[in-house]
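The values are calculated or read from the model by the stated rules, or taken from the named source; none is laboratory data. Only a predicted model underlies this, so the values are computations on that prediction, with no experimental measurement involved. Positions of Cβ are generated from backbone atoms using ideal geometry, with glycine treated the same way; all protein chains shown enter the neighbour counts. Heads up: the accessible areas ignore ligands, DNA and RNA and are worked out on the full protein's heavy atoms, side chains in. Shrake-Rupley method; radii C 1.70, N 1.55, O 1.52, S 1.80 Å.
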Amino acid sequence: MRWPWQRSISLADKCLLLFGGAIVLIIVLAMIAPWVRMKGLIRERQFDMARRLVEIWQRLDAEDRTRGAPPVIDDQGFVEHAGIKIRPLTLDEAVAQAEDDPFLRRVVEAFGEDPKHVDDMSARWDGVTRIYRYARAVRPEGDATTELSGVLLHEQRSDETAVLLIVNSVYLLGAGLLVLAMALLVFYLITHKIILAPVRSLKETAARVREGDLSIRSDIQTGDELQQLAETFNQMLHGLQSAQEQQSAANRALDLKLGELSEANSALFESNRLKGEFLANVSHELRTPLNSIIGFAELLMEIARSEGEQTGDTPALSKRTRYQRNIVSAGRSLLEMIESLLELAKIEAGRVEIELSDVNVRDVCESLAALILPLAQQKGIEIAQEIASDAGTIRTDPKRLHQVLFNFLSNAVKFTEPAERTGRIGRVTLRAERLRPRAEGDRDCVRLSVIDTGPGIPEAEQHRIFEKFYQIDAGHTREHRGTGLGLAISRELASLLQGEIQLVSEIGRGSMFSVILPVEFDEARSREQRLESAFRGSLSGRRAWNGA
Ligand code: ADP
């Protein structure tokens with residue numbers, strides 16, 4: 001526990017207060033003994049003197065009595081012999097007067113109880129005078145065995161003793177004060193020179209360090225623990241200083257690197273911008289001749305087919321048709337790839353416009369099922385639909401939603417084998433269901449899933465297939481054509497539609513790709529998202545295109 005004074009008081013003042021207090025206490029205790037002794041001595045001397053005076057008085061009084069001379073008693077009851085005044089009291093008188101005289105009461109009781117107790121004394125102050133009262137027991141035979149018959153009282157005012165007492169007390173006090181002053185002085189010098197001066201120096205050094213000056217060192221030469229403390233402190237400072245120097249060197253290097261990086265970054269931004277422009281420009285240039293190549297190749301195939309019908313099929317002709325078919329197929333793959341690349345570039349550059357409308361979920365599913373059906377029939381795969389009655393409508397971009405789901409569907413059809421090859425029915429199911437909010441803050445959503453009975457995706461690959469250009473390097477998927485961009489595009493589009501993609505898959509049983517979309521579209525969030533994806537695209541585009 002900390003007392004309030006411990007918080008605000010300085011170390012020097014604290015030492016002075018505590019040690020000063022302790023010294024005062026010690027000196028007072030040390031002074032009490034001589035003072036008590038001095039008082040005792042004076043009292044003993046007075047006691048001795050009074051005893052002798054009373055004995056002289058008793059002898060003279062006895063002589064007068066023997067001579068038959070009457071005692072001279074003054075009006076206060078004192079009997080004087082040779083200038084010594086004593087008041088003799090009978091026991092009855094003493095008991096009667098004891099009522100108002102505490103000293104007399106005390107001595108009467110003491111003498112009565114203890115026959116060996118023959119005399120007593122008291123002392124008190126009267127102004128600056130000391131009054132000593134002496135009482136002596138009177139017994140008839142003078143010995144201790146007989147009953148107390150009276151008391152002799154002697155009283156003496158002693159200015160000399162009072163002066164002696166006062167002077168001695170003053171001397172004692174003076175000596176005490178002198179010792180106190182000297183002790184405090186010596187203590188002050190010792191604490192200041194030996195303890196506080198080095199502590200203050202250390203404190204000043206620490207304050208300079210706090211202000212940021214790490215070059216300062218503490219110079220304490222006391223040869224004791226304080227010097228060791230200062231040396232340790234200096235070593236710490238040395239360590240700190242070199243760490244700071246290393247850090248500033250590292251910072252300088254980092255600044256340099258940052259400069260280089262920001263230059264490289266601006267170059268990257270620039271090259272990314274150029275890349276975007278280049279892509280936009282070449283897209284048309286690439287697609288137009290490619291479309292011509294495909295168109296002319298298809299024309300040639302048509303001509304070859306009609307020629308074949310007219311002239312009869314020859315091996316040379318069928319070979320030519322096969323080559324032409326290869327050209328068309330390769331051309332289509334190339335076109336598909338170019339389109340995927342352009343799409344991804346547009347998404348990453350945040351250039352995809354979202355066109356919202358109220359989309360009927362059932363209509364979307366039905367049109368997609370109709371679209372994929374010819375391809376599925378070609379492969380001998382069934383297409384099924386499970387549309388929940390409460391699927392309803394959602395506010396979204398139908399074109400982008402279509403794109404995502406068609407990508408799932410075409411993958412499902414592509415990777416699912418018909419029953420004759422695998423022994424189990426090849427089926428692709430399009431499912432739509434409403435997800436009601438479970439907790440507060442959840443949004444009302446619709447889940448659209450494409451479920452296939454294909455080969456399934458190993459767990460370790462389930463995240464990776466959403467990366468650009470990633471294709472599972474397994475027999476069952478490698479044999480299919482593809483760019484490895486479809487799912488990456490789907491993921492980006494789902495995010496633009498404020499939705500997310502889920503995948504559940506098991507090897508040998510099939511896969512379920514789902515997109516979960518909110519029923520209501522948050523347009524303010526969409527604007528932020530596009531800006532963010534434009535920024536991300538400008539950074540990640542570097543990876544994609546360099547890789548490509
Ligand atoms: P692509 O289909 O053009 O190769 P995607 O990005 O659409 O590219 O798919 C990436 C990879 O994910 C595919 O190459 C395939 O290995 C795997 N994949 C996608 N859909 C399925 C599916 N339904 N069943 C099995 N594997 C799939």
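Considering 484, 441, the condition of being out of contact with any helix residue (DSSP H, G or I) (no Cβ under 7 Å at 6 or more places or on another chain) and within 11 Å of the ligand (Cβ to nearest atom) is satisfied by 484 alone.
Mind listing whichever residues of the range 423-445 are within 17 Å of residue 372 (Cα to Cα) and open to solvent by 20 Å² or more (accessible area, probe 1.4 Å)? Within the range 423-445, 427, 431 qualify. Of the residues that make up the range 71-80, is at least one in contact (Cβ under 8 Å) with a residue 40 or more places away in the chain and exposed (fewer than 14 other Cβ atoms within 10 Å of the Cβ)? No, the conditions are met nowhere in the range 71-80.
Taking the condition open to solvent by less than 90 Å² (accessible area, probe 1.4 Å) and either farther than 22 Å from residue 157 by Cβ or modelled with pLDDT under 90 (or both), does residue 108 pass? For residue 108, the condition - open to solvent by less than 90 Å² (accessible area, probe 1.4 Å) and either farther than 22 Å from residue 157 by Cβ or modelled with pLDDT under 90 (or both) - is met. Evaluating residue 502 against the criteria (1) open to solvent by 50 Å² or more (accessible area, probe 1.4 Å); (2) within 9 Å of the ligand (Cβ to nearest atom); (3) not in a loop (DSSP other than H, G, I, E, B) leaves one unmet condition, (2). Criterion applied to 310, 247 was being at pLDDT 90 or above and either open to solvent by 70 Å² or more (accessible area, probe 1.4 Å) or part of a helix (DSSP H, G or I) (or both), and the one residue passing it is 247. So is residue 478 at pLDDT below 95 and within 11 Å of the ligand (Cβ to nearest atom) or not? Here the answer is yes, as residue 478 does meet what is asked.
Results for (1) farther than 23 Å from residue 509 by Cβ; (2) away from the ligand (no atom under 14 Å from the Cβ), shown as yes or no for each residue.
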residue: 372; (1), (2): no, no
residue: 380; (1), (2): no, yes
residue: 384; (1), (2): no, yes
residue: 391; (1), (2): yes, yes
residue: 398; (1), (2): yes, yes
residue: 407; (1), (2): no, no
residue: 427; (1), (2): no, no
residue: 432; (1), (2): no, yes
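Could you pull out the residue among 59, 7 that is of a type in the set (D, E, K, R), open to solvent by 50 Å² or more (accessible area, probe 1.4 Å), out of contact with any helix residue (DSSP H, G or I) (no Cβ under 9 Å at 6 or more places or on another chain) and modelled with pLDDT under 90? None of the others qualify; the one that does is 7.
The set of residues in the range 411-422 being touching a helix residue (DSSP H, G or I) at 6+ places or on another chain (Cβ under 7 Å) and either assigned to a helix (DSSP H, G or I) or buried (at least 21 other Cβ atoms within 10 Å of the Cβ) (or both) consists of 411, 413, 415.
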